[in-house]
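Participant: Right, I'll just put the structure down here and ask away after.
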Amino acid sequence: MIGRRNQPSSRGRVVLAGYDAIAKPRMPHVMGQEDARTPSERRIFLALALFAACFSLVGARLVELAIVGGDSGPRLAAAGEPDPIHRPDIVDRNGDVMATDIVTASLYADGRAIVDPQDTARQLASVLPELNPEEIAAKLETGRAFIWLKRDLTPKQQYAVHYLGLPGLAFRREQKRVYPNGHTSSHVLGMVDLDNRGIAGMERYIDRSMKLGRGDEGGPRAQPIALSIDSRVQFALRDELEKGQAEFRAKAAVGIIMDAYTGEVVAMSSLPDFDPNDPMVVSDDARFNRATLGVYELGSVFKAVTLASALDSGKVRFDSRLDATQPIKYARFTIHDYHAENRWLSLPEVFMYSSNIGTAKIALELGTDAYRDYLRRFGLLSKPEIELPEAGAPLIPSPWSELSTITASFGQGIAVTPVQVVSALSAIVNGGIKVTPTFLHHESPKVGPRLISTEVSQEMRALLRLVVTDGTGKKADVPGYPVMGKTGTAEKAVGGGYAKHRLISSFLSAFPAENPRYTMLIMFDEPQGSKATYGYATAGWNAAPVTARVISRVAPLLGLQPIEQEPRQNDMIHEAKLVTYDTGNGNAGD
């Protein structure tokens with residue numbers, strides 16, 4: 001009956017509004033069994049979960065805005081301040097990162113929201129001591145909507161500024177370029193400015209070739225730019241070059257290693273160099289790339305090009321003999337040898353003893369027009385075609401006279417970049433094919449035109465090896481990795497003349513000698529003699545031994561296997577040695 005009070009019965013029944021039901025105890029929920037919650041309970045639970053998720057998202061966003069600032073905040077305050085430039089990563093030929101972007105915070109102020117400029121400046125200087133409080137206060141007092149205060153804060157600095165709780169301050173996310181290897185490849189990579197724009201080296205090349213602008217999609221998501229550089233070889237080259245510069249107290253130094261068949265620059269260093277991570281403190285001297293922008297009269301290393309050209313022309317032969325009994329007098333100039341043999345020399349002896357007299361007569365046999373044409377084909381009369389914007393144009397005689405041919409034959413009166421000489425030697429030893437120097441890694445490099453015959457290339461290999469085994473480059477040889485090359489010592493051109501004690505010493509080499517795969521140049525600017533070199537500052541005493549140290553370190557890294565015994569030398573070279581030893585000789589100065 002409706003309204004009747006519930007009464008328990010002795011049999012465990014309960015009467016509900018006129019209905020009986022058997023009371024059952026509530027069982028706990030067991031996984032796999034049907035959910036005991038009612039539909040209303042499930043709806044309430046779902047609603048609570050949704051509210052919790054929404055509050056978590058909002059809270060996380062508020063924390064992010066409070067700590068690092070929003071993406072749009074600075075743009076509003078800056079009245080349309082453009083997006084930062086995103087740059088692609090730069091990697092070496094093995095895929096190791098050489099340059100990349102990271103996200104940093106930069107501090108700015110909205111002058112309209114600053115309550116007390118003087119106090120704000122004082123408090124900022126307390127956590128950022130490098131800031132000048134007077135200068136900051138003056139900026140804040142202008143009341144401008146967007147005022148840069150400090151770029152690229154560290155997380156610790158950012159937290160310290162945020163903890164001050166000052167109104168009108170905020171952070172902007174920016175891209176910062178980072179170079180993990182510091183100085184090691186600085187002249188190859190170049191650097192960027194505060195706005196992440198390339199201003200030197202391959203960074204500048206990337207801006208030009210990819211036409212990077214504000215807001216461009218680059219960075220880690222873009223395809224990395226693969227360079228020809230091997231970071232391991234680069235480190236070893238720079239390390240030995242730096243040690244050599246210190247040992248011989250040289251003003252500057254250059255080192256280049258190139259693939260003789262592709263023209264790819266595997267390593268390049270110009271000292272002094274700089275840390276691209278801190279571009280604001282780079283001096284003009286450190287910024288100057290001596291390997292590709294500097295032009296030098298390199299002296300006797302040029303004789304390799306002269307002899308290769310003359311042999312290829314057919315005007316002289318491998319068994320030719322030259323009269324070096326007397327100096328050459330031309331107008332008011334006298335051409336002489338550093339250590340004169342004062343006799344007729346075979347062509348191998350001219351090269352081995354680095355005879356200026358013999359080389360000049362070879363160039364005259366070739367002829368001025370033909371010699372200039374060979375120099376042009378070797379790429380020595382025009383600006384090098386490389387990716388780096390730092391490319392120097394050679395200084396050539398104008399007008400070009402017969403005397404110009406004489407002096408250029410042994411590397412005087414013509415100034416070229418070191419990278420051009422290395423690429424010229426690559427063509428001489430690789431079978432005679434021209435290579436174009438490049439700092440990009442190419443899977444399928446283009447084949448250049450033929451410059452000299454294969455036969456002449458083989459003859460030049462023999463001559464270059466003779467310089468190391470019996471000539472001025474003995475200190476360049478490496479057990480297991482035979483070296484070929486040519487020394488060069490030139491007096492620096494100063495004030496219309498030549499400074500006798502201010503030298504450019506260099507060793508132009510290729511290795512391994514039995515099948516040269518790589519070419520290299522080591523050059524020192526104004527090296528000094530020492531007790532260990534008996535006071536000599538010529539290339540055979542400084543550039544040559546440094547060459548040996550570099551090759552001994554990099555050859556294994558380049559995958560070259562050492563040889564147990566060097567192949568038998570060319571018969572003509574053997575005959576040249578016999579002539580040399582029978583007549584008596586002295587070493588050339590360079």
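The values are calculated or read from the model by the stated rules, or taken from the named source; none is laboratory data. All values reported here derive from a predicted model rather than from experimental measurement. Every residue, glycine as well, gets a Cβ built from its backbone with ideal geometry; the counts of neighbours run over all protein chains shown. For accessibility, only protein heavy atoms count, side chains too; no ligands or nucleic acids. Shrake-Rupley method; radii C 1.70, N 1.55, O 1.52, S 1.80 Å.
Participant: Suppose we filter S313, S320, S283 for residues that are over 27 Å from S530 (Cα atoms), among the hydroxyl-bearing types (S, T, Y) and out of contact with any helix residue (DSSP H, G or I) (no Cβ under 9 Å at 6 or more places or on another chain); which single one remains?
Facilitator: S283
Participant: Next up: Give me the residue from the range 364-395 that is of a type in the set (D, E) and free of Cβ contacts under 8 Å to residues at least 40 places away in the same chain and, out of that set, farthest from I433 (Cα to Cα).
Facilitator: Filtering the range 364-395 for residues that are of a type in the set (D, E) and free of Cβ contacts under 8 Å to residues at least 40 places away in the same chain, the one farthest from I433 (Cα to Cα) comes out as D369.
Here is a yes/no grid of residues against (1) touching a Cys at 6+ places or on another chain (Cβ under 6 Å); (2) outside any strand (DSSP E or B); (3) surrounded by fewer than 24 Cβ atoms within 10 Å (Cβ to Cβ):
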position	(1), (2), (3)
S426	no, yes, no
V447	no, yes, yes
M460	no, yes, no
T489	no, no, no
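Participant: Something else: Which one of the conditions (1) closer than 22 Å to P418 by Cβ; (2) surrounded by fewer than 24 Cβ atoms within 10 Å (Cβ to Cβ); (3) in contact with an Asp or Glu (Cβ under 7 Å, 6 or more places away or on another chain) does Q528 fail to meet, given that it meets all the rest?
Facilitator: Failing condition for Q528: (3).
Participant: Which of the residues that make up the range 321-375 are open to solvent by less than 40 Å² (accessible area, probe 1.4 Å), on the phi > 0 side of the Ramachandran plot and over 38 Å from the mean Cα position of the chain (by Cα)?
Facilitator: Answer for the range 321-375, where residues must be open to solvent by less than 40 Å² (accessible area, probe 1.4 Å), on the phi > 0 side of the Ramachandran plot and over 38 Å from the mean Cα position of the chain (by Cα): just G367.
Participant: If I ask for residues that are under 17 Å from A170 (Cβ atoms) and open to solvent by 10 Å² or more (accessible area, probe 1.4 Å), which ones from the range 117-135 would you list?
Facilitator: P117, Q123, V127, L131
Participant: Which of the helices (runs of 4 or more DSSP H) contained wholly in the range 265-383 include at least 1 residues that are over 30 Å from P445 (Cα atoms)?
Facilitator: Of the helices (runs of 4 or more DSSP H) lying wholly inside the range 265-383, those with at least 1 residues that are over 30 Å from P445 (Cα atoms) span 284-287, 347-352, 356-366, 368-377.
Participant: Let me confirm something: among A260, A286, which residue is touching a Pro at 6+ places or on another chain (Cβ under 6 Å) and closer than 18 Å to M460 by Cα?
Facilitator: So the residue among A260, A286 that is touching a Pro at 6+ places or on another chain (Cβ under 6 Å) and closer than 18 Å to M460 by Cα is A260.
Participant: Name every residue in the range 464-487 that is more than 32 Å from the chain's Cα centre (by Cα) and open to solvent by less than 10 Å² (accessible area, probe 1.4 Å), in order of residue number.
Facilitator: L466, G471
Participant: Condition first: of a type outside the set (A, V, I, L, M, F, W, C) and either in contact (Cβ under 8 Å) with a residue 24 or more places away in the chain or closer than 20 Å to L425 by Cβ (or both). Now tell me which residues in the range 439-456 satisfy that.
Facilitator: Of everything in the range 439-456, those that are of a type outside the set (A, V, I, L, M, F, W, C) and either in contact (Cβ under 8 Å) with a residue 24 or more places away in the chain or closer than 20 Å to L425 by Cβ (or both) turn out to be H441, H442, P445, K446, G448, P449, R450, S453, T454, E455.
Participant: Out of (1) aromatic (F, W, Y); (2) touching a residue at least 40 places away in the same chain (Cβ under 8 Å); (3) over 23 Å from L388 (Cβ atoms), the odd one out for Y163 is which?
Facilitator: (2)
Participant: Against the definition (at pLDDT 95 or above and over 27 Å from F333 (Cβ atoms)), how does I433 come out, yes or no?
Facilitator: yes
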